Each structure stands twice: as structure tokens, then as C-alpha cells.
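Working notes, structure below.
The values are calculated or read from the model by the stated rules, or taken from the named source; none is laboratory data. Being a predicted model, the structure only gives us computed values, none of them experimental. Note that we place each Cβ from the backbone using ideal geometry, even for glycine, and neighbour counts take in every protein chain shown.
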Ligand code: FAD
């Protein structure tokens, strides 16, 4: 038997998946009956002209066919099996952080027979949900349990986009694990899979049950506040209440908002470097407008996914290059508060599985490099640890200014997109999906001038790409500052810190991987390294 991948099979929106069989048979020069098996591998929407699905399909045939066009012979009848490990030594691995990186890392180790301990400062999702709601509806922030911290990590109250540009066989493993835990099968074939907050919360509970069944100890409300170091290694992690947990290795999966941890790691001389990131605002448009811009006269066709967009503009070259781009677009979603410290606002976006909300939101951000970190002038924290944490100081200052401009209570400063472009404050602002509420103002004072000027310039490009983007109905909400980590904890070819020999920095907080799937992949990678060393 042979297996072939047939690329670019076109399926109309109204056509059932069963129509793929005759189409694939035709492409292979066979009759439909000669195909032993047909599997949809990937489908992506082609919205040029009348929208349709472009599909990649695997077909199993009895005998060889002539290869032509977009047909590739696949090496085996099934995909290569996942590597199995058989660790001979039983070590105590502590994983700090139950976001995607920590969860997948702990799972991979536990399924191979280790008994890792997974610690998170936040709460399990069922309790965390109440805390997130308290922040959204009453402006009450708990510093350990919020949109960034708690079970599932930063991506739990999110759109749950599961696409990544990382090309790694572990992408499939991550998606299959999500399906095993109750996620929809569809994510295995969608070109742009997403889950939505409603599904993510249920998945986190299932993940916890799986980990515990595998022998992993999962603990919440466990804020790691220090390490005990012996001979250049972590011998125990110390919790805020003084509890000491001995360990042989530590996986650091704390996400991009673990600011106090960066400080004490820097205090221990752990090698870290400054890292560029991006800052800006969230923009909210009517979703019907985005659908019309993207799909034109076909916008109302049955079966069309809620439209998304991706925008980018580039200014300057080489060292002077600065990118302005859309980030983490949430179709049919809502803008959410994602601060972790009092007196500072930052925002992000989420949506539900159905993406049926009336509004579309996305970050519009400008790249910020280490040489820009001082551009607010003299702010608290600047210059600490030889400037290592200046990126954090930069983020914090924008968040502080946003909090003040909103008037307190996590009310966010906001401005009509057209007013922002025209340099005019907005007094009268429409209601937005941001639940704590918005205050119409002038956003230009929230960032150094280069951020504002680049954003304004990019809006012209964006309007050329998406005609109608610059509308009176679009509102900018501030500020979006935590697009990725402002530092990277340097690791060597064994993925351990170059300073502490049994500390594995992983995921977004350590500066490796951004986004749910890439953080999860990084977690798997570190687990495999540890398992390999224990074989
Ligand atoms: P995190 O998910 O940040 O997890 C870190 C964990 O460490 C947290 O649970 C935290 O409580 C814990 N922790 C921190 N410090 C300590 C400590 N001292 N002691 C104990 N525990 C600690 N990405 C996508 O790919 N798709 C999306 O649609 C998407 N939407 C997003 C929407 C929102 C609102 C946000 C905030 C992020 C979104 N992201 C999205 C980004 C994505 O969530 C992150 O890239 C991803 O979660 C990073 O995973 P991580 O495991 O590295 O860290």
C-alpha cells in the first residue's frame, strides 16, 4: 500500500467533506473506489473571490500512482510514533508555572514515569474564574490570580489561537493532546485552529486530572519566592509562606509577567539578556465591518468563519528598522484587562469558541528595542542590575500612565482611531467590550513619541490593506505592553541556565516561544532533554 499527500484540493463552503474522495481520486488518476482511505489533513480558507476551502488530503492506495503537480508520496502509512523514554533514575523535578509550557513539560515527564511537582502561584480555573470576573466587573485585582496568573497560564481567558510559525513535529503532539483532553477534532485539520475561552477552562480541568492520574503533584496558591542554592545548583525552591521543597532539577515556566522573579534571579547573577518586544494599543471594530472588508459581497455566506486580519508595516532598514503590526487578533471577541500589579493597566483580547461576539479586536503594536528602554526618561527601576530590567521599567511606566489616564479602578483610557490619527482627544466615546469601562481621552502621552508616530504612520498602510479600517466606530484601548518577555534567561545547548546548572528556563517568560503552542512545544522539548539525561 502507498500513501500520498494531495495538496490544494478545493472544497466549496457548501460541499460536504465526503466530496473530497472523488476530487482526490481524480487528482490521482484513479476511481473513487480505488482509494483505500482518504483523510483531510489541513484546510485553509481562500477568500480571494468566492470563498472556498483549500485542502491537503492524505490518500492510501493499493498501488503506486504517477506523481504530478501537488502530489507527494508520504514515507509510511502512518506518522512516525512519538519517542518513548525509559528514565532509569527517579529524580524530583519541580516545574514552576502551570501555563502551556509547564503543563506540557510536566505531562511529558509524568507519562514517562517521573513524578514531577507542578507549582503555580495562582488558583485552579474554577476559582480563578471568579477572580477574573471580579476584575472585569468590579475592578478588583488579585495579584496571584488574574488573567495572566493561575491554572492554564496567560492563555486561558484568551481566543485560544493554536497556530504557530514554529515548524516542529511536536505541534501535532500538542494538538493531539488537546483533543485527547476533550478539545474538538477540528483543530487537527484547521489551518488556523482556535479553542476559545469556554473550551479552555474545561480543558484545564481535564489536564489537571490527567496529570494527577500520571503521578504529577499539582499545587496551586504556591508562589515560589526564592531558591536555595548549593554548589551552583538549586537544591530547594522556597514558597512565600516559607515552605521548602527539595528538588534535583527546576523547570522555570513562569510566563512573561513574573517581574519579581526576574529581580531575584538577577540578584543571584543568573545570566539574562534584554530582549526586544512590542507595545501599543488594542483596537476594536465592529465585526460585521471586518467581515465585509475581508469577504466583500460574500460576507453573509453560510459557513464562513468570522473574519480575522493580519496587518504589518515596516519602517527603516537594518538597525533602524521598526515594525508595526497587528497581534493576537480576536474575531468576535472582547478586550480584557490583563494587569498583574495594582496601579497599572494593560489589556489583551479573548473570545469564545463560536466567535459570535459583535466586535473584533486586535493589538496594534510597535517594536521596541533595548536601546529604546530609557526613552520615557528617568522612571523607577531604570538602570537596576546594570539596566537588565529596563524593559520591565518601560512596560510598567506605560501601564502606570494608562491607569492614571483611565482615572482608576482599571478603567482604560481610550480614543477613537480617527481622533488618534488626527491628534485630537476623544471626549465622547462609545461603550466597548472592555468590561471595567473606558474613559475617552488622548492616548498620545502614554508612550514616548516614537511609538505614537510609528503607529500613526502605519495606520495609512493599514487603511490601504483593509479599506474601511479607519472608521469612526473603531476605538483604541490602552495599553498593550506584554506582547512577550522583556528579558531572556540564557540557556545552553542542554537547555539549562548558563549560571545555575539544574535550572531549565522555558516558554514565554524565559524568552523562548510566544503563544500557547510554541510555549507548549518548548515545555515538551525541555521534558525530553531531562528524560534523555535520566535514561
Ligand atoms: P504562562 O502561560 O504565562 O504561564 C506562567 C504561569 O506561571 C502562570 O500560570 C503563573 O501563575 C505562574 N507563575 C508566575 N510566577 C510564579 C511564581 N513565582 N511561582 C509560581 N508560579 C508562578 N497565545 C496564543 O497562542 N493564542 C492566543 O489566542 C492567545 N491569547 C492570549 C490572550 C490573553 C488575554 C493573554 C494574556 C495571552 C494570550 N496568548 C495567546 C499568549 C499565551 O497565553 C502565552 O504565550 C502563553 O500562555 C505562554 O505560556 P507559558 O507557559 O510560557 O507562560
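Within region 133-162, restricting attention to residues that are part of a helix (DSSP H, G or I) and in contact (Cβ under 8 Å) with a residue 40 or more places away in the chain, which residue is nearest to residue 187 (Cα to Cα)?
By that ranking, first place goes to 155.
Tell me, yes or no, whether region 321-336 has at least one residue that is surrounded by fewer than 23 Cβ atoms within 10 Å (Cβ to Cβ) and part of a loop (DSSP other than H, G, I, E, B).
Checked against the condition, which is being surrounded by fewer than 23 Cβ atoms within 10 Å (Cβ to Cβ) and part of a loop (DSSP other than H, G, I, E, B), region 321-336 yields at least one hit.
Looking at (1) within 14 Å of the ligand (Cβ to nearest atom); (2) touching a residue at least 40 places away in the same chain (Cβ under 8 Å), which one does residue 92 not meet, given that it meets all the others?
Status for residue 92: all satisfied but (1).
What's the total number of residues in region 360-377 that are in contact (Cβ under 8 Å) with a residue 24 or more places away in the chain and more than 24 Å from the chain's Cα centre (by Cα)?
3
Can you go through 414, 360 and tell me which one is touching a helix residue (DSSP H, G or I) at 6+ places or on another chain (Cβ under 8 Å), part of a strand (DSSP E or B), closer than 14 Å to residue 434 by Cβ and within 16 Å of the ligand (Cβ to nearest atom)?
360
Taking residue 520, is it within 16 Å of the ligand (Cβ to nearest atom) and not in a loop (DSSP other than H, G, I, E, B)?
Yes; evaluated as a whole, the condition is true for this residue.
Assuming residue 464 fulfils every condition listed in (1) part of a helix (DSSP H, G or I); (2) in contact (Cβ under 8 Å) with a residue 24 or more places away in the chain apart from one, which condition is it?
Going through the list (1) part of a helix (DSSP H, G or I); (2) in contact (Cβ under 8 Å) with a residue 24 or more places away in the chain, residue 464 breaks only (2).
I'd like the full set of residues that are touching a residue at least 40 places away in the same chain (Cβ under 8 Å), crowded, with 22+ Cβ neighbours inside 10 Å and assigned to a helix (DSSP H, G or I), limited to region 171-196.
Answer for region 171-196, where residues must be touching a residue at least 40 places away in the same chain (Cβ under 8 Å), crowded, with 22+ Cβ neighbours inside 10 Å and assigned to a helix (DSSP H, G or I): just 174.
Is it true that some residue in region 477-485 is in a helix (DSSP H, G or I), within 19 Å of the chain's Cα centre (by Cα) and within 13 Å of the ligand (Cβ to nearest atom)? Walk me through how you get there before you give the answer.
Taking region 477-485 as the starting set, the residues that turn out to be in a helix (DSSP H, G or I) are none.
No: zero hits.
For residues in region 488-517 being within 7 Å of the ligand (Cβ to nearest atom) and more than 17 Å from residue 94 (Cβ to Cβ), which is surrounded by the fewest Cβ atoms within 10 Å (Cβ to Cβ)?
514
With 106, 101, 110 as the choices, which residue is in a helix (DSSP H, G or I), more than 16 Å from the ligand (Cβ to nearest atom) and either in contact with a helix residue (DSSP H, G or I) (Cβ under 9 Å, 6 or more places away or on another chain) or modelled with pLDDT of 95 or more (or both)? Full working, then the answer.
Numbers: 106 fails: more than 16 Å from the ligand (Cβ to nearest atom); 101 fails: more than 16 Å from the ligand (Cβ to nearest atom).
One residue alone meets the criteria, 110.
For residue 135, are the conditions met, namely being buried (at least 18 other Cβ atoms within 10 Å of the Cβ), modelled with pLDDT of 95 or more and within 15 Å of the chain's Cα centre (by Cα)?
The answer is no for residue 135.
Could you grab me the full set of residues in region 225-242 that are surrounded by fewer than 14 Cβ atoms within 10 Å (Cβ to Cβ) and either free of Cβ contacts under 8 Å to residues at least 24 places away in the same chain or over 17 Å from residue 266 (Cα atoms) (or both)?
Matches in region 225-242: 230, 231, 240, 241, 242.
Could you please give the count of residues in region 441-459 that are surrounded by fewer than 24 Cβ atoms within 10 Å (Cβ to Cβ) and closer than 14 Å to residue 415 by Cα?
Number satisfying all stated conditions: 6.
Among the strands (runs of 3 or more DSSP E) lying completely within region 222-271, list those that include at least 2 residues that are touching a helix residue (DSSP H, G or I) at 6+ places or on another chain (Cβ under 6 Å) and within 12 Å of the ligand (Cβ to nearest atom).
Qualifying strands (runs of 3 or more DSSP E): none found.
Residues that are within 24 Å of the chain's Cα centre (by Cα) and either farther than 17 Å from residue 474 by Cα or buried (at least 18 other Cβ atoms within 10 Å of the Cβ) (or both): does region 421-432 have at least one?
yes
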